[in-house]
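Trainee: First the structure, which I've put down as structure tokens, then a few questions once you've had a look.
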Amino acid sequence: MSSVSSVSSETSAALSLLNAGAVRERAHRLLAIGLEDRLPNFRVHLDRMDSTAELVVETTRKAYPSLAVPFHSRWRHFSMNGVDRWTGLADQIAWRDPATRARAEFDLAMVSVFLDAGAGPSWRYHDPATGSAIGRSEGLGLASLAMFADGAFSSDPRQPLRADADALANLSVADLARGMQVSDANPLVGIEGRVNLLRSLGRLVAAKPEVFGRFDTPRPGGLFDRLASLADEGRLPAPTILSELLKELGPIWPSRLTLGGIALGDCWKHPMLTTVDVTSHLMPLHKLSQWLAYSLIEPLQNAGIDVTDIDGLTGLAEYRNGGLFVDNGVLTFRDEGDAFREHDVASPLVVEWRALTVALLDRVADHVRRRLGLDANVLPLAKILEGGTWAAGRRLARERRADASPPVKIISDGTVF
């Protein structure tokens, strides 16, 4: 085989991993190996799935008695005490047209999601409006919204409600530390990693004006116009959102695995995942990109685009969903000492845990729907996550550990979880 065709086949192999279907297929393959008790790090106990589904149903009914569950997305974290802060702010603006508002919502969602890796157990956002101290993902959400509203990501003081390439590329650690209220007494895990990610986003957006600057200065929200152009008769499949995110934003992630010159992003190696091609041992997860894909659905819908096949996306391989299965005994450590050790995100143990989480979320979703007598159209995975598995995982973490940390100890750089 010539070197040119070799590179070409590697490139197409890489692209085969940049979609939700590859995440789901490989995750279920690892689960099948686990059900044969052949995984190196975890044992799988499907007899614990009924009680896990029951916990998810109970948690969902408590939060949403009418079962009118919203999507699991970043927009949930912009509400506090029942007040939707973004909608309250955005509804006061005389937007030129729905697309203008959608670009602003894409800007906000993209910046906020990229800031949404684990905050660590001690960081809190002290909310000026309520006086509350809010940690973890909700705190990061409110802090990023406050920064956005203040124009922290805009280079045009006349247009604060935007993020643009110039402001992002020049963001400093001090800027983010100020907005996130970081201090020696209020440390945020991985702040340099977050700043580098937003700078990389700014540089990439500036370098692709044909994608991000069709109708405006280059900005993340320009991706709205790209996605709107892909809608067929006003319909856009959710997996297309993810594929575009992975294709267009792939280069911003820290240098990890590449194949055929393409950065694979949130994709890792697991020794049991063998194939006959160059993708052998590779497990794509794309957690933050899928979290972002879920978070772009509502702005697209609000702009009149019908987002279809929402269940084509997968569950999120993050520590609340994953913690649910460990804390409720569906997954147990093969070596009990691993519960007390810290594990790198690239370790086979963490990759295995995250992949099993994706596959088990599909299974628990089926159990939940059967219990509630609802189908996937009424209760897609995005709602089960929100209702749901994420909330139940957090609840168990709070009950079992004083700092509500996950049951698997992870060394994170602020760009994965």
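The values are calculated or read from the model by the stated rules, or taken from the named source; none is laboratory data. Everything numeric in this text was worked out from a predicted model, so none of it was measured. Reconstructed Cβ throughout: ideal geometry from the backbone, glycine too, with neighbour counts over all protein chains shown. Each accessible area value is taken on the protein alone, full model and side chains, heavy atoms only, with ligands, DNA and RNA left out. Shrake-Rupley method; radii C 1.70, N 1.55, O 1.52, S 1.80 Å.
Trainee: At 7 Å along Cα-to-Cβ for each site, give me the label-to-label distance between residue 247 and residue 67 in nm.
Mentor: Each label point lies 7 Å from its Cα, and together they span 3.8 nm.
Trainee: May I pose another question? Evaluate region 28-153: find the radius of gyration of its Cα atoms, find its Kirkwood radius, and give the ratio Rg to Rh.
Mentor: Over the Cα atoms of region 28-153, Rg/Rh equals 1.10.
Trainee: Using C-alpha positions alone, give me the convex hull volume of region 337-417 per residue in cubic angstrom.
Mentor: 117
Trainee: Now for a separate question. So how much slack lies between residue 166 and residue 309, counting 0.36 nm per residue of separation and subtracting their Cα-Cα distance, in nm?
Mentor: Length gained, residue 166 through residue 309: 48.0 nm.
Trainee: Next question, about the same structure. Measure off, as a whole percent, the carbon and sulfur share of the 1.4 Å-probe accessible area of the chain, all protein chains present.
Mentor: 52
Trainee: Continuing with the same structure: Go ahead and run the numbers for FRET between residue 215 and residue 25, Cβ-Cβ distance against an R0 of 45 Å, rounding to 0.05.
Mentor: 0.75
Trainee: Now for a separate question. Using only alpha carbons, build the gyration tensor for region 1-82 and give me the equivalent ellipsoid semi-axes, biggest first, whole Å.
Mentor: 38, 24, 9
Trainee: Run the helix sum for the chain: -39,500 (n - 2.57) per DSSP H stretch of 4+ residues, divided by residue count, reported at 222 nm to the nearest 500 deg cm²/dmol.
Mentor: -14500 deg cm²/dmol
Trainee: Using a 1.4 Å probe on the protein heavy atoms only, what accessible surface does residue 310 show? Give it in Å² to the nearest 10.
Mentor: That residue has around 20 Å² of solvent-accessible surface.
Trainee: State the extension gain, in nm to one decimal, for the chain segment bounded by residue 159 and residue 403, taking 0.36 nm per residue of separation less the distance between their alpha-carbons.
Mentor: Difference between extended and current length: 83.9 nm.
Trainee: Here is a further query. Report the paramagnetic label zone for residue 341: residues of region 292-329 whose backbone N is under 18 Å from a point 7 Å from Cα along the Cα-to-Cβ axis.
Mentor: None, by backbone N distance to the label point.
Trainee: For the chain, which DSSP H helices look membrane-span-like by this rule: Cα extent along the axis of 27 Å or more and mean Kyte-Doolittle of at least -1.0?
Mentor: In the chain, the long hydrophobic H runs are 348-372.
Trainee: I need the trypsin sites (Lys or Arg not before Pro) found in region 251-331, filtered to DSSP loop residues with at most 15 other beta carbons within 10 Å of theirs.
Mentor: In loop regions of region 251-331 (DSSP not H, G, I, E or B), the sparsely surrounded trypsin sites (Lys or Arg not before Pro) are 256.
Trainee: If you compute Kirkwood radius over Cα pairs in Å for the structure shown, which of [x] 24.5; [y] 21.9; [z] 22.6 do you land on?
Mentor: Identified label for the calculated read-out: [y].
Trainee: Length gain on complete extension for the stretch residue 51 to residue 233, per 0.36 nm per residue less the alpha carbon to alpha carbon distance?
Mentor: Once the chain is fully extended between residue 51 and residue 233, it gains 61.2 nm.
Trainee: With Kirkwood's inverse mean 1/r over C-alpha pairs for Rh, give me the Rg to Rh ratio of region 186-345, two decimals please.
Mentor: 1.01
Trainee: With the other protein chains left in place, how much accessible area per residue, in square angstrom, belongs to the chain at a 1.4 angstrom probe?
Mentor: 40
Trainee: With springs only between Cα atoms under 10 Å, which of 293, 32, 402 fluctuates most in a Gaussian network model of the chain?
Mentor: Highest fluctuation among the options: 402.
Trainee: Starting from one equal scatterer on each C-alpha and no solvent at all, send me the Debye-based log10 I(q)/I(0) for region 174-257 at q = 0.12 Å⁻¹, two decimals.
Mentor: Cα-only, vacuum Debye calculation for region 174-257: -0.49.
Trainee: What is the magnitude of the charge dipole of the chain about its Cα centre, with +1 placed on the Cβ of each Lys and Arg, -1 on the Cβ of each Asp and Glu, and no other charges, expressed in debye to the nearest 20?
Mentor: 420
Trainee: Using +1 at the Cβ of each Lys and Arg and -1 at the Cβ of each Asp and Glu in the chain, identify which of 302, 372, 393 lies farthest towards the dipole's positive end.
Mentor: 393
Trainee: Turning to a different aspect of this structure: Normalised by the residues of region 196-309, what does the relative contact order come to in percent, with Cα pairs under 8 Å and at least six apart?
Mentor: 24
Trainee: Mind pulling the per residue volume of the convex hull built on the Cα atoms of region 109-215? Å³ is fine.
Mentor: 95
Trainee: Show 100, 258, 130 ordered by accessible area, largest first, where the area counts protein heavy atoms only and the probe is 1.4 Å.
Mentor: So the residues, ranked largest to smallest area, are 258, 130, 100.
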